Amino acid sequence: MKTETQITKENIKGYQSCKRVNYPNMLIWEAQGRTHKASCQRFLEFLEDIRKEIKEYSGMQISVINSEEKINKKTTDLKQAIKLYEDNGI
């Protein structure tokens, strides 16, 4: 399964390859990138809310630690994807 950062890099590559040559396709890639970026932002907010709730239930140590590790990994991936879009003007 691809990470959000990998999908972002593919979208940016498509966007940049069309930038000077094929304006209509560039607009399609840009729209796809904006849609993906918005999805990443919404999912990031959701995960951050979950992280807050997990900290409140820290009595379940083992499952909390495993869940938090997964959330941290996904959160980092989402933040990288969003930053890549912003760095490339999308």
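Quick notes on this one:
- In segment 12-57, the residues that are loosely packed, with under 12 Cβ neighbours inside 10 Å and among the basic types (Lys, Arg): 20, 42, 52, 55
- Looking only at residues in segment 20-42 that are in contact with a helix residue (DSSP H, G or I) (Cβ under 9 Å, 6 or more places away or on another chain) and of a type in the set (D, E, K, R), the one that is nearest to residue 79 (Cα to Cα) is 37.
Bear in mind these aren't lab numbers, they're just calculated from the coordinates by the rules spelled out. Because the structure is a prediction, the values reported are computed rather than measured. For neighbour counting, all protein chains shown are included, and Cβ atoms are generated from backbone atoms with ideal geometry for every residue, glycine included.
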